[in-house]
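A quick write-up on the structure given underneath.
The values are calculated or read from the model by the stated rules, or taken from the named source; none is laboratory data. Fair warning: this is a prediction, and the values are worked out from it, not measured in the lab. Here Cβ is always computed from backbone atoms with ideal geometry, including for glycine, and neighbour counts include all displayed protein chains.
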Amino acid sequence: MERNQQRRGLLIVLSSPSGAGKTTISRKLMEADPTIGMSISATTRPPRPGEEDGVDYHFVTEQAFEHLVDEGELAEWAYVFDHRYGSPKEPIKDALKAGRDILFDIDWQGTQQLETAFGNDLVSIFILPPDMAELERRLRARATDSEEVIQGRMRRAAGEIVHWNEYDYVLVNDNVEACLDEVKAIIVAERLRKHRQPYVSDLVRKLVERPND
């Protein structure tokens with residue numbers, strides 16, 4: 001069996017204020033490494049055109065979501081714009097055991113909950129914009145949000161950025177490709193941590209064993 005099939009999986013969190021580039025970097029990361037999959041969240045919001053249940057999200061009722069919370073079946077959950085979103089635990093556990101890496105697009109609160117649930121299986125990365133003027137420029141360049149929405153995102157950005165020190169890694173996205181390369185380097189290093197390579201102890205034992213006389 002190959003080494004990358006024997007190692008334990010990795011939970012990768014990318015967080016940033018809206019407009020700092022985490023969505024673009026997430027997409028490029030998964031295009032470059034198809035072994036990384038995006039976590040499929042449960043949500044109480046209705047599907048948007050083109051979205052599929054079980055592919056984009058697990059669409060559930062408020063009652064069903066409340067049941068997941070009460071039974072402790074979510075690793076993290078939060079309210080986002082009047083709807084609830086959460087990450088089911090069992091698919092995460094299955095991925096870790098199978099050596100699959102899962103990418104999460106969640107905020108600092110969700111990251112704290114995920115760290116409580118999975119500890120050393122998590123690596124968290126916070127992406128900063130080079131400055132607030134550039135962040136606003138990127139938000140306006142989308143041409144998808146109203147002025148009110150843009151100003152709301154700018155106000156929330158400062159409240160998100162102050163949590164940078166709670167993450168394992170902090171990157172400045174002043175160049176998407178350079179920032180992507182840094183994310184890839186982090187993932188390569190984290191995959192090689194000894195607690196994610198359970199086969200190493202057996203290998204070491206075989207290397208130091210002395211043949212019977």
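A compact table of results
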{"read-out": "Tally of residues being over 16 Å from Tyr85 (Cβ atoms) and either over 20 Å from the mean Cα position of the chain (by Cα) or in a loop (DSSP other than H, G, I, E, B) (or both) across segment 17-32", "value": "4"}
{"read-out": "Flag for Gln151 being part of a helix (DSSP H, G or I) and in contact with a strand residue (DSSP E or B) (Cβ under 8 Å, 6 or more places away or on another chain)", "value": "no"}
{"read-out": "Among residues of segment 167-184, those that are under 16 Å from the mean Cα position of the chain (by Cα) and either exposed (fewer than 12 other Cβ atoms within 10 Å of the Cβ) or at pLDDT below 95 (or both), counted", "value": "0"}
{"read-out": "Segment 36-68: number of residues that are in a loop (DSSP other than H, G, I, E, B) and either touching a residue at least 60 places away in the same chain (Cβ under 8 Å) or farther than 19 Å from Asp107 by Cα (or both)", "value": "12"}
{"read-out": "Residue match in segment 66-75 (condition: surrounded by 13 or more Cβ atoms within 10 Å (Cβ to Cβ), within 30 Å of Lys184 (Cβ to Cβ), in contact with a Leu (Cβ under 7 Å, 6 or more places away or on another chain) and not acidic (Asp, Glu))", "value": "yes"}
{"read-out": "Leading residue by the ranking (nearest to Gly19 (Cα to Cα)) among those in segment 112-133 that are in a helix (DSSP H, G or I) and free of Cβ contacts under 8 Å to residues at least 24 places away in the same chain", "value": "Ala133"}
{"read-out": "Test set (1) within 28 Å of Asn165 (Cα to Cα); (2) within 23 Å of the chain's Cα centre (by Cα) - Gln151 fails condition number", "value": "(2)"}
{"read-out": "Qualifying residues in segment 15-45 (those that are surrounded by fewer than 18 Cβ atoms within 10 Å (Cβ to Cβ) and out of contact with any strand residue (DSSP E or B) (no Cβ under 7 Å at 6 or more places or on another chain)) - the one nearest to Ile150 (Cα to Cα)", "value": "Thr23"}
{"read-out": "Meets criteria (of a type in the set (Val, Ile, Thr), over 16 Å from His83 (Cα atoms), in contact with a Lys or Arg (Cβ under 9 Å, 6 or more places away or on another chain) and at pLDDT below 95) for Thr35", "value": "yes"}
{"read-out": "Any chance Val204 is in a helix (DSSP H, G or I), over 21 Å from the mean Cα position of the chain (by Cα), of a type outside the set (Ser, Thr, Tyr) and under 24 Å from Gly9 (Cα atoms)", "value": "yes"}
{"read-out": "Residue list for segment 76-109, restricted to those being over 20 Å from Lys184 (Cα atoms), touching a residue at least 40 places away in the same chain (Cβ under 8 Å) and in a helix (DSSP H, G or I)", "value": "Pro91, Ile92, Lys97, Ala98, Trp108"}
{"read-out": "Output for segment 32-72, where each listed residue is within 26 Å of Asp101 (Cβ to Cβ) and touching a helix residue (DSSP H, G or I) at 6+ places or on another chain (Cβ under 6 Å)", "value": "Ile36"}
{"read-out": "Failed item, numbered, when Lys28 is tested on (1) in contact (Cβ under 8 Å) with a residue 24 or more places away in the chain; (2) more than 28 Å from Pro130 (Cα to Cα); (3) charged (D, E, K, R)", "value": "(2)"}
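For every residue, the table says whether it meets (1) basic (Lys, Arg); (2) within 22 Å of Phe118 (Cα to Cα).
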{"site": "Cys179", "(1), (2)": "no, no"}
{"site": "Lys184", "(1), (2)": "yes, yes"}
{"site": "Lys194", "(1), (2)": "yes, yes"}
{"site": "Pro198", "(1), (2)": "no, yes"}
{"site": "Glu209", "(1), (2)": "no, no"}
